[in-house]
Amino acid sequence: MDKLAFGFWGVYFGTAALMLAGSALAFTRSLHRISLNAGLSATVSSFFVVAFLGGLPIDDESRLARVLAHIAMLVSGFLAYLLLSILGLLDSRKTRLQTRLALTVLVLGVMAAGWLLPPVPSLALGLGFAWTLGVVALAVSLRSAYRGDRLAWTAVLGVFFMLVAMPGLGWIALVRGQEPWPVHAVSALAGTAYLVTMAAALWTRYSYLIELHQVMAMGPSYDPVTRMRSHNETGQMIGDIFRRRRDEPAGPAEPDAAEVDSGGGARAAVNARPAPHRGPQVGVMVVSIGNLYALERLHGMAAVNHALFVCAGRLRRAVPAYVEMGRFSGDGFVLLLRDCNDSGQLIRLAHQVEARLSKSVVLSTSLDAARRESEQTRWQAEIGVGVLLVSDPAARASSVLAACKAMSRTAMSYASRVAWLDQASGEAVELPVLQAA
């Protein structure tokens with residue numbers, strides 16, 4: 001195979017690997033349907049390509065032609081069924097069973113007919129059957145598209161690219177070693193485009209499962225703007241955590257972690273009580289956005305919702321999976337690390353969050369889809385991050401959250417935009433960026 005051909009097929013298999021990695025990530029987040037369909041689509045398509053490029057350990061040409069014919073029929077039948085599923089045409093159990101039965105009988109019938117032919121004509125029959133099934137799938141996709149299913153247009157593109165790639169792979173299999181490199185280039189690029197479009201179609205069709213999973217986990221207090229816990233749900237979650245800490249067996253309680261003074265700053269609450277038994281510490285971080293009110297006055301609530309949506313998405317991508325998150329008040333978020341015995345980790349995460357959320361973004365200011373592209377404004381969030389490491393089992397969630405909220409407001413006046421409660425002075429102090437961060 002020519003070096004250029006290797007390069008083009010490398011792009012294809014790289015795309016397939018990314019698709020498999022994405023399906024594995026979806027599986028870890030309990031999105032099994034997305035994971036299964038994306039993984040099977042990438043695996044089956046890649047196996048088809050590997051087989052027709054000569055990757056099977058079969059030396060006998062006649063036997064190889066038979067095997068390739070069967071692979072073409074089986075793979076085309078499976079991909080046709082997957083496409084019908086993506087288009088939502090197999091929602092009822094009866095329809096699914098009938099479609100499976102029809103495709104199985106059709107594929108087995110053509111496979112049986114292939115054994116009546118010599119090996120090479122049998123391979124041509126398999127390729128012809130696969131291409132014909134692709135044309136039927138294209139017609140079904142066009143029918144769905146013209147009926148108003150916008151996703152079907154993505155399916156139309158995917159099937160078209162598959163129909164382009166299939167003859168090239170058949171040519172490569174039939175004239176092994178004599179095909180010019182442009183055949184490889186066209187087939188590989190068409191196969192790559194097929195994977196990309198089908199991945200997009202799968203994600204579009206099943207992305208609602210992600211939100212459904214969050215809604216089921218968080219209940220009616222799920223916030224659709226930020227796709228996080230709502231303010232009330234966040235307060236309840238943190239309150240339960242601190243309540244369980246107080247109920248655990250421990251020594252005498254020490255002072256509350258923090259309170260909010262009348263000036264809006266943070267100070268330690270000192271009571272004459274013995275020190276408690278030290279258990280796992282809880283890291284609490286409140287992120288406040290200081291210029292949402294000004295954004296609402298200038299551009300309306302739609303722009304504010306867009307800003308919160310973007311900030312929440314950036315926040316989810318910036319923090320590790322073990323960090324609990326939720327919306328806090330109308331202009332901020334709260335992050336909680338249950339077992340945080342490393343203050344440096346908490347500080348580095350605070351600076352990372354501030355840097356990610358402070359990046360500018362282009363916001364839509366109109367709800368009218370026709371004018372959304374023309375009515376936009378560039379906006380940068382004014383971020384303040386308040387950080388507190390709670391070691392007192394008797395600390396109350398309300399006082400901790402109030403202190404962190406006050407410190408996040410104070411942090412907006414600091415260059416680093418991150419504030420920490422200094423236990424020695426009882427005041428909020430600036431946290432400069434650590435050298436190791």
Response to the item:
Per the list (1) within 18 Å of LEU202 (Cα to Cα); (2) touching a helix residue (DSSP H, G or I) at 6+ places or on another chain (Cβ under 7 Å), residue check on HIS32 breaks on (2)
Item to complete: State all residues of segment 415-431 that are open to solvent by 60 Å² or more (accessible area, probe 1.4 Å) and more than 14 Å from ALA355 (Cα to Cα); if no residue qualifies, say none.
Response: GLN423, ALA424, SER425, GLU427, GLU430
Worksheet entry | For SER85: the one exception among (1) modelled with pLDDT of 85 or more; (2) open to solvent by 20 Å² or more (accessible area, probe 1.4 Å) | (1)
Response to the item:
Over segment 189-204, the set of residues open to solvent by less than 20 Å² (accessible area, probe 1.4 Å) and at pLDDT below 80 is LEU202
Item to complete: Name every residue in segment 299-317 that is open to solvent by 40 Å² or more (accessible area, probe 1.4 Å) and aliphatic (A, V, I, L, M), in order of residue number.
Response: MET301
Worksheet entry | Hits in segment 89-124 (condition: among the polar types (S, T, N, Q) and part of a helix (DSSP H, G or I)) | THR95, GLN98, THR99, THR104, SER122
Worksheet item: Where in segment 205-324 are there helices (runs of 4 or more DSSP H), lying fully within it, with 2 or more residues that are at pLDDT 80 or above?
Response: 231-247, 292-299, 301-318
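Table: residues versus (1) in a helix (DSSP H, G or I); (2) over 24 Å from LEU53 (Cβ atoms).
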position: VAL159; (1), (2): yes, no
position: LEU169; (1), (2): yes, no
position: ALA173; (1), (2): yes, no
position: ARG176; (1), (2): no, no
position: GLU179; (1), (2): no, no
position: ALA188; (1), (2): yes, no
position: ALA193; (1), (2): yes, no
position: THR197; (1), (2): yes, no
position: ALA200; (1), (2): yes, yes
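Table: residues versus (1) in a helix (DSSP H, G or I); (2) at pLDDT 85 or above; (3) open to solvent by 10 Å² or more (accessible area, probe 1.4 Å).
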position	(1), (2), (3)
GLY326	no, yes, no
SER329	no, no, yes
PHE333	no, yes, no
CYS340	no, no, no
ILE347	yes, yes, yes
GLN352	yes, yes, yes
ALA355	yes, yes, yes
LYS359	no, yes, yes
VAL362	no, no, yes
Worksheet item: What number goes with the only condition from (1) touching a residue at least 24 places away in the same chain (Cβ under 8 Å); (2) in contact with a helix residue (DSSP H, G or I) (Cβ under 7 Å, 6 or more places away or on another chain); (3) closer than 24 Å to VAL120 by Cα that VAL183 does not pass?
Response: (1)
Worksheet item: Which residue pairs have Cβ atoms closer than 7 Å, lie 6 or more positions apart in sequence or on different chains, and pair a first residue in segment 125-145 that is free of Cβ contacts under 8 Å to residues at least 12 places away in the same chain and closer than 13 Å to LEU89 by Cβ with a second residue that is part of a helix (DSSP H, G or I) and open to solvent by less than 60 Å² (accessible area, probe 1.4 Å)?
Response: ALA145/ALA152; ALA145/VAL156
Worksheet item: Here is a list of conditions, (1) among the polar types (S, T, N, Q); (2) modelled with pLDDT under 85; (3) open to solvent by 50 Å² or more (accessible area, probe 1.4 Å), and SER398 meets all of them except one; can you say which number that is?
Response: (2)
Item to complete: All but one of (1) within 15 Å of MET285 (Cβ to Cβ); (2) open to solvent by less than 20 Å² (accessible area, probe 1.4 Å); (3) at pLDDT 90 or above hold for ALA381, so report the exception by its number.
Response: (1)
Fill in: Qualifying residues in segment 136-150 (those that are open to solvent by 60 Å² or more (accessible area, probe 1.4 Å) and part of a helix (DSSP H, G or I)) - the one farthest from LEU68 (Cα to Cα)
TYR146
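The values are calculated or read from the model by the stated rules, or taken from the named source; none is laboratory data. Small disclaimer: the values here were computed from a predicted structure and weren't measured. No Cβ is skipped: glycine too gets one built from the backbone with ideal geometry, and neighbour counts run over all protein chains shown. Accessible surface areas use protein heavy atoms only, side chains included; no ligands, DNA or RNA. Shrake-Rupley method; radii C 1.70, N 1.55, O 1.52, S 1.80 Å.
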